1. Can you give the relative contact order of the stretch 100-198 as a percent, counting alpha carbon pairs under 8 Å and 6+ residues apart?
2. Mind checking which of Ala184, Tyr11, Val36 is farthest towards the positive end of the chain's charge dipole, using Cβ charges of +1 (Lys, Arg) and -1 (Asp, Glu) about the Cα centre?
3. Counting each DSSP H run of 4 or more residues in the chain as -39500 (n - 2.57), what helix-only mean residue ellipticity at 222 nm follows after dividing by all residues, to the nearest 500 deg cm²/dmol?
4. Roll a 1.4 Å probe over the protein chains and send me the accessible area per residue for the chain in Å².
5. I need the phi-derived Karplus couplings for the stretch 133-142: 6.51 cos²θ - 1.76 cosθ + 1.60, θ = phi - 60°, integer Hz, Gly and Pro marked x.
6. Just how large is the dipole of the chain about the Cα centre, in debye to the nearest 20, putting +1 at every Lys and Arg Cβ and -1 at every Asp and Glu Cβ?
7. How would the stretch 67-215 be classified by its alpha-carbon gyration tensor: rounded, prolate or oblate, with rounded meaning a/c under 1.5 and the a/b versus b/c comparison settling the rest?
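The values are calculated or read from the model by the stated rules, or taken from the named source; none is laboratory data. Note that this is a predicted model, so its numbers are computed, not measured. Cβ placement follows ideal geometry from the backbone for every residue including glycine, while neighbour counts extend to all protein chains displayed. Accessible surface areas use protein heavy atoms only, side chains included; no ligands, DNA or RNA. Shrake-Rupley method; radii C 1.70, N 1.55, O 1.52, S 1.80 Å.
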Amino acid sequence: MSKAVVVVPTYNEIENIERLLRTVFSLQREFHVLVVDDNSPDGTATVVEENFKTYPEKLFLLKRAEKTGLGTAYIAGFKWALQHGYDYIFEMDADFSHNPNDLIRLFNACHKEGNDVAIGSRYVKGVNVVNWPMSRVLMSWLASKYVQFVMGIDIYDTTAGFICYRRRVLEKINLDNIRFVGYAFQIEMKFKAYLSKFKIKEVPVIFTDRTKGESKMSSGIISEAIFGVIAMKFKSVFNKKRFNKTSFH
Ligand SMILES: Nc1nc2c(ncn2[C@@H]2O[C@H](COP(=O)(O)OP(=O)(O)O[C@H]3O[C@H](CO)[C@@H](O)[C@H](O)[C@@H]3O)[C@@H](O)[C@H]2O)c(=O)[nH]1
């Protein structure tokens, strides 16, 4: 049976993590979980460790010394997953904004339907966000439109953080070259998968804002995304021109 692991980055998720583990491990299909914790002051990592005995050989923890952003946590998790031979590698938030039951739909979109990347998409059919303030819904939706427009890519939810990757996608993308850490990380991963011509499918999901704990979103993360998108587009156009020139002469 192919091996699948859900990478869950955590920073101060003590109120969510135990219930999340229980939910994922009660699904019909077996998923392993790798929690990547950045030394959460609330003791999230300790709770994970206390659960090792309950979920032997399917619960893992990467402890990092400090909070260096969601993107870097995912990169560390992806490298771990590749080293440990996983065929399918997921991104999922710890706070239930992503419904763990949808893991199976994302998995099927890759495993059964043959896609390389399945994105749990809030915007593929209207706007499927519950409990976010209108300002955040608008910001997120506009951000997706902005990215589609600037990058010229055919993906509705470019900042989505609920994803299934086939192993070969993460092998192909040079993980050491990912430069963004916040929402721009999500955009950069999708852009690189898109440029590499992987088969990408958006699976409609409902994103429900967390009821416990706090979002780590900041103005720095937003401006990284706004300017990062332009930088990524510029770099890709420049690289394409350089490539065309060298292949001509
Ligand atoms: N290890 C680690 N985890 C982090 C860090 N920052 C955030 N996390 C974890 O990453 C997950 C998402 O963080 P939130 O702060 O709850 O994200 P959000 O603002 O709700 O953003 C969500 O939606 C965005 C698009 O609208 C997505 O781009 C983003 O990835 C996420 O899914 C949570 O499990 C949180 O604990 C960090 O620096 N380090």
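1. On the way: 93 pairs, mean separation 30.3, N = 99.
Relative contact order, the stretch 100-198: 31 percent.
2. Ala184
3. Numbers: 8 runs with 107 residues, N = 249.
The helix contribution divided over the chain gives -13500 deg cm²/dmol.
4. Values: 12370 Å² over 249 residues.
Per residue, the chain has an accessible area of 50 Å².
5. x, 3, 4, 6, 4, 4, 4, 5, 5, 4
6. On the way: 35 positive and 27 negative charges, 264 e Å.
It comes to approximately 1260 debye.
7. Working: a/c = 1.34, a/b = 1.30, b/c = 1.03.
Cα axes put the stretch 67-215 in the rounded bin.
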